[in-house]
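I have placed the structure first, in the form of structure tokens, so that the comments after it can refer back to it.
Just so it is clear, none of the values below were taken in a lab; they were calculated from the coordinates. Not measured: the values here are computed from a predicted model. Note: ideal-geometry Cβ built from the backbone for every residue, glycine included; neighbour counts use all protein chains shown.
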Amino acid sequence: MTGIVSYGSYIPYRRLKRAAIAAVLGVPATRGERAVASFDEDSVSMAVDALRDALKTAPGAEVRSLIFGTTTAPYLEKLNAAIVGAAAQLPAEIRAIDSTGSIRAGLSAMLQAAESAAAGGGHAAVALADCRLGAPEGKLEQSGGDGAAAFIFGRDNVIAEIEASASLTREYLDSWRTPGERFAHSWEERFALTQAYGPFFRRIIQEVLGKAGVAPGDLAKIVLDAPNQRAAEEALRELKVDPARVADSLALTVGQTGAAHAALMLTAVLPSAKPGDRILVATVSDGADAMLLKVAPANANFRPVHSVGRMVESKGDVTYANYLKWREILPTEPPRRPDPDRPAAPPMMRAEKWKFGLIGSKCRACGTPQLPPQRVCVKCRAFDKMDPYPFADRHGRIATYAIDRLAYSLNPPTINAVVDYEGGGRFLCEMTDCEPDKVAIGDEVEMTFRRLFTADGVHNYFWKARPRR
Amino acid sequence: MASKGIKDRVAIVGMGCTKFGEHWDKGAEDLLVEAAYEAYGSAGIDPNDVDAYWLGTMGSGVSGLTLSEPLKIQYKPVTRVENMCATGSESLRQACYAVASGAFDVAMAIGVEKLKDSGFSGLVVANPPNDGTPACMTPPALFSLLAPAYFKKYGLDPEKGKDVLTRIAWKNHRNGARNPKAQFQKEVPMEAIRNSPKIADPLGIMDCSGVSDGAAAAIVVRAEDAHKYCKNPIYIKALSFVAGPAEGPLSPEYDFTTFPEVVASARDAYAQAGVTNPREQISLAEVHDCFTPTELVLYEDLGFSKRGGAWQDVMEGFFDLEGKLPVNPDGGLKSFGHPIGASGLRMMYEMWLQMRGEAGPRQLKNPRMGLTHNLGGQPGRCVSFVSVVGNQIG
């Protein structure tokens, strides 16, 4: 039996109210809000958050492959999945692939991973994330969202078995973006609705249900995802299913999170699924993919580290002005401070475990954990008696902090905290996803992988602390 | 096992110090020439009389050529030294040891920094290529870490704590208003300090030292030769310099209310000088007031106040010009700004003036023993320098 062994999801802390966009631009407001990746997040960093959660609930998984799916890869050349794998502390001996080009890249990656797990390749991981960016005044700016989801596929201890899958690829022009362009173009809406999304949903659903001998009425939950929410609504109407069986599109709370969206919707419905439930997942875009899942008994005992519901509730607003600055849509006066230095390749490679995995060291002589990793123990000064010691999953408390209004930031002021970890170890690092007037000595924090800055085209990823979510 | 020290074996016989400030019309080389020639004149010597030079600068030049070229030094040893914000003091320490050893008879320590040419706000330090993980915090933010920790440990509510910090800045500006070489020569009302725009909460811009250009120089000889050059030299009682293991960012035992490096260098310096009760025995001190919480913590680390007691001493005026132990009588970094390589020697210049009765409107009554203190780095990860000097042997 091959299926989902574990999953994780990630919704960034910041929300942009659609009414706030409308108020500035004088365009019609749609309801709700969208999730916004902070200035220090991107698709890679969000994928890491989701994948780390998924790995935490898959102890002992032997991951042999990783697919990173997105339409907004931080690097066009250079393997983004390698960064995700390093930060999630996957072993070097994995196949790693970036899957991109369409919002369907997410579900396609899941099907690919499921097949490689079925073929006996140990466990297969997928990490899907997107930062949907629409031009001001356009539809996508409001309907898009940022988020991530990750899955581990395997053959044992599955929580949802893959009963059937189907894929369909067609060449037609709907949404496109060429290198160097920030915003996608799209063809007239009616064309894709009538000629692509509608017929493709119809065909793919029929095919996948047919393979498993399942009728639409047998489905406990339906996850339909399309670049245009109307396409999913029309397809659901045709299926004539009970609205209670339709998965929340997250349109009002998160927005359509591109290549991560079908997966994110699925992670939202899995916690309440009962053994034997059938869940249909389908995405249309440049064709269509579909997956039919049968929930296994093990799902009853599975608890995601962060549920979608909890992530939706854990939030803080971003103003539209700040959003425009974060996305570099609104240029601002540069600071009277030097640009940050580009991190250098040799020290980054030497420090891979530290920089990407937040692996410190622990002294064998006196047991003191310390970070960054040291050769001479800070406590007993034993020399070269260190073992690697991971800090990424440890919680800590703020010993003291600084609110830096001089440092250049896209979200000033920069907050730095001295974090003392449970079990030992101290680290001075930047805080994120928090409000300056709410930081206090003693606050509990957790670590999150972020993009600190980009210099000379090099994205500088490292870890920050955030209030526990 | 402390350092043995060179108590009373070396004397300063001449000093020079430029005005500190925004010298748009002068480069580092101009500042060096001015400080050096003032020092030659002060000691009554010819440039050829100096046998060796130690030049302190963090970023205004590399190698001895930075000094030998503008001064046209005639084929003599010039050593460029750097030890972060203690760079100026470090050049003095090296020059003193050189004459004490007998290797040279006359040495010059000189420090300079030209900061205002960078076009940036605050200090800018170039880092070696790295993995992109070191925290990119500005100096005010790094030193602001002291404030919430100190307030919490000693039960000061943030308003009271802010009053204490404000009074430190107020005192230093009040002293600087009496100093013609200071960058800022005006008293600043407490309210203006308290309400200045926030830089790193609770620090406002008036809690921070300024950015300026400047240079200062000292001529040192063996004590037995001092009276060949001047009637009233000042004597080196102690020179201590330590670099810490940088435990603060690593060890939860460090609580951000002290600089262990300062405690260690003060202990060493007091042992060298034979000081047993600094609060009573030290007549005046120039300390590294880069930010107001730094000065607050230094009072305790240098043994001027008991632990947790510095804030009360501040409020009672203990460190004022008229107080029992005037600290930063020249106005400190607060009034002078902090041209890195020059600051340590600028502190010594105030000792030179005060010990010789030449400090004008700031002149203290019969100072006998003074202390200078410099630190470089950040709380929990720094280098510290402490000197003790006096106007009499013994």
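Mind jotting down the distance between the C-alpha centroids of region A:363-426 and region B:325-391, whole Å?
35
Based on the Cα coordinates of region B:241-391, what is the per residue volume of their convex hull in Å³?
Convex hull volume per residue, Cα atoms: 105 Å³.
Using DSSP loop states and a limit of at most 16 other Cβ atoms within 10 Å to flag GluC sites (Glu not before Pro), what is the longest stretch of chain B containing no flagged site?
After excluding every exposed loop site, the longest remaining stretch is B:23-186.
Might you list the cysteines of the protein assembly as shown that have no disulfide-compatible partner by the rule of another cysteine's Cβ under 4.7 Å?
Unpaired cysteines in the protein assembly as shown: A:CYS131, A:CYS429, A:CYS434, B:CYS17, B:CYS85, B:CYS96, B:CYS136, B:CYS208, B:CYS230, B:CYS290, B:CYS382.
Could you tell me the calculated FRET efficiency between B:GLN363 and A:ARG381, based on Cβ-Cβ distance and R0 = 45 angstrom, to the nearest 0.05?
According to the calculation, E is roughly 0.40.
Quote the relative contact order of chain A in percent (integer), defining contacts as alpha-carbon pairs under 8 Å separated by 6+ residues.
Relative contact order, chain A: 18 percent.
Give me the distance between the Cα centres of region A:197-251 and region A:53-72, rounded to whole Å.
Centre-to-centre (Cα) distance: 27 Å.
If you fit an axis through the alpha-carbon atoms of helix B:292-301 and take the longest principal axis of the Cα set of chain B, what angle between them do you get, 0 to 90°, nearest 10?
That works out to roughly 80 degrees.
If I model a spin label at A:ARG397 and A:ASP339 as a point 7 Å from the Cα along the Cα→Cβ vector, what separation in nanometres do I get?
If labels sit at A:ARG397 and A:ASP339, their model points lie 4.3 nm apart.
Hey, what's the Kirkwood Rh for region A:3-326 if you take every pair of different alpha carbons, in angstrom?
19.4
Give me the tail of P(r) for region A:315-417 as a percent: Cα-Cα pairs with distance above 22 Å.
Tail of P(r) above 22 Å: 57 percent of Cα pairs.
For the pair A:ALA22 and B:PHE120, how long in nm is the line joining their label points, each one 7 Å along Cα→Cβ?
That separation, rounded to one decimal, is 4.6 nm.
So what is the relative contact order for region A:1-159, in percent, with contacts set as C-alpha pairs under 8 Å and at least six apart?
Relative contact order comes out at 37 percent.
How large is ³J(HN,Hα), in whole Hz, for each residue of region A:198-212 in order, when computed from phi with the Karplus curve 6.51 cos²θ - 1.76 cosθ + 1.60 and θ = phi - 60°, using x for Gly and Pro?
Running phi through 6.51 cos²θ - 1.76 cosθ + 1.60 with θ = phi - 60° gives x, x, 5, 4, 4, 5, 6, 5, 4, 5, 6, 5, x, 4, 9 Hz.
Using the Karplus curve 6.51 cos²θ - 1.76 cosθ + 1.60 with θ = phi - 60°, work out ³J(HN,Hα) for each residue of region A:157-173 in order, rounded to whole Hz, and write x for Gly and Pro.
With coefficients 6.51, -1.76 and 1.60, one gets 6, 6, 9, 8, 8, 8, 7, 7, 8, 8, 9, 8, 10, 10, 9, 7, 9 Hz.
Per residue of region A:49-63, in order, report the coupling 6.51 cos²θ - 1.76 cosθ + 1.60 (Karplus, θ = phi - 60°) as ³J(HN,Hα) in whole Hz, putting x for Gly and Pro.
Once rounded to whole Hz, the list reads 4, 5, 5, 4, 4, 4, 6, 4, 9, 10, x, x, 5, 9, 6.
Could you tell me which residue out of A:GLY26, A:GLY316, A:ALA231 lies farthest along the dipole of the protein assembly as shown toward its positive end? Charges go on the beta carbon: Lys and Arg +1, Asp and Glu -1, centred on the Cα centre.
Looking along the dipole axis, the top candidate is A:GLY316.
First check a/c for region A:345-467, with a ≥ b ≥ c the square roots of the eigenvalues of its C-alpha gyration tensor; if it is under 1.5, answer rounded, and if not, answer prolate when a/b is larger than b/c or oblate otherwise.
In terms of gyration-tensor shape, oblate.
Two-decimal Rg/Rh of region B:188-271 from alpha-carbon positions, Kirkwood Rh?
Result for region B:188-271 is an Rg/Rh of 1.13.
Expressed as an acute angle from 0 to 90° and rounded to the nearest 10, what is the orientation of the C-alpha long axis of helix B:158-176 relative to the principal long axis of chain B?
For helix B:158-176, the angle is close to 30 degrees.
Are there any trypsin sites (Lys or Arg not before Pro) in region B:66-171 that are in a DSSP loop and have at most 13 other Cβ atoms within 10 Å? List them by number.
Filter output for region B:66-171: B:LYS72.
Calculate the spin-label point distance for A:GLU313 paired with B:ASP225, positioning each point 7 Å from the Cα along the beta-carbon direction, and give it in nanometres.
Taking the two extended label points, one gets 8.0 nm.
Hey, got the dipole for chain A? About the Cα centre, +1 on K and R Cβ, -1 on D and E Cβ, debye to the nearest 20?
In debye, rounded to 20, chain A gives about 920.
Trypsin sites (Lys or Arg not before Pro), restricted to region B:210-294: which are DSSP loop and have at most 10 other Cβ atoms within 10 Å?
In loop regions of region B:210-294 (DSSP not H, G, I, E or B), the sparsely surrounded trypsin sites (Lys or Arg not before Pro) are B:LYS231.
Can you list residues whose amide H is under 5 Å from B:ASN328's amide H, if they're 5+ apart or on another chain and H is modeled 1.01 Å from N?
B:ALA285, B:GLU286, B:VAL287
In region A:22-80, what GluC sites (Glu not before Pro) fall in a loop by DSSP, with at most 12 other Cβ atoms inside 10 Å?
Sites meeting the loop and neighbour criteria: A:GLU62, A:GLU77.
Using Cα-Cα distances under 8 Å and only pairs 6 or more residues apart, what relative contact order does region A:345-467 have, in percent?
In percent, rounded to a whole number, it is 21.
Taking amide hydrogens as modeled 1.01 Å from N in the peptide plane, which residues meet the under 5 Å criterion relative to B:CYS85, leaving out close sequence neighbours?
B:GLY376, B:GLY377
A:GLY360's amide H: which non-local residues (gap 5+, or another chain) put their own amide H closer than 5 Å, with H modeled 1.01 Å from N in plane and none for Pro or chain starts?
Excluding prolines and chain starts, which carry no amide H, the hits are A:TYR389, A:PHE391.
Could you compute the FRET efficiency for A:GLU62 and B:GLU69, with r as their C-beta to C-beta distance and R0 at 60 Å, rounded to 0.05?
The value I calculate is 0.35.
With point charges of +1 on the Cβ of Lys and Arg and -1 on the Cβ of Asp and Glu, referenced to the Cα centre of region A:427-467, which listed residue (A:GLY442, A:PHE453, A:ALA465) lies farthest in the positive direction of the dipole?
Positive-most Cα among the choices belongs to A:PHE453.
Dipole magnitude of chain B about its Cα centre, charges +1 at Lys/Arg Cβ and -1 at Asp/Glu Cβ only, in debye to the nearest 20?
Computed about the Cα centre, the dipole is about 740 debye.
Find the percent of Cα-Cα distances in the protein assembly as shown that exceed 51 Å, and round it to a whole number.
31
What does the helix-only formula give at 222 nm for chain B: each DSSP H stretch with n ≥ 4 adding -39500 (n - 2.57), the total divided by the residues, and the result rounded to the nearest 500 deg cm²/dmol?
-10000 deg cm²/dmol
Using only the Cα atoms of chain B, what semi-axes does the equivalent ellipsoid have when each is the square root of 5 times a gyration tensor eigenvalue? Give whole Å, largest first.
31, 23, 20
Answer with one residue from A:ALA160, A:GLY147, A:TYR172: the one whose Cα lies farthest towards the positive end of the charge dipole of region A:145-216, charges on Cβ with Lys, Arg +1 and Asp, Glu -1.
The listed residue farthest towards the positive side: A:TYR172.
Taking only the Cα atoms of region A:1-142, how large is their convex hull per residue, in Å³?
Hull volume over Cα atoms, normalised by residue count, gives 123 Å³.
Out of the DSSP beta bridges found with both residues in chain A, what percent are antiparallel (nearest 5)?
Of the beta bridges lying entirely in chain A, close to 80 percent run antiparallel.
For region A:250-360, take every pair of Cα atoms, bin their distances at 5 Å starting from 0, and report each bin as a whole percent.
For region A:250-360, the binned pair fractions read 2, 7, 11, 12, 12, 13, 14, 13, 9, 4, 2, 1, 0 percent.
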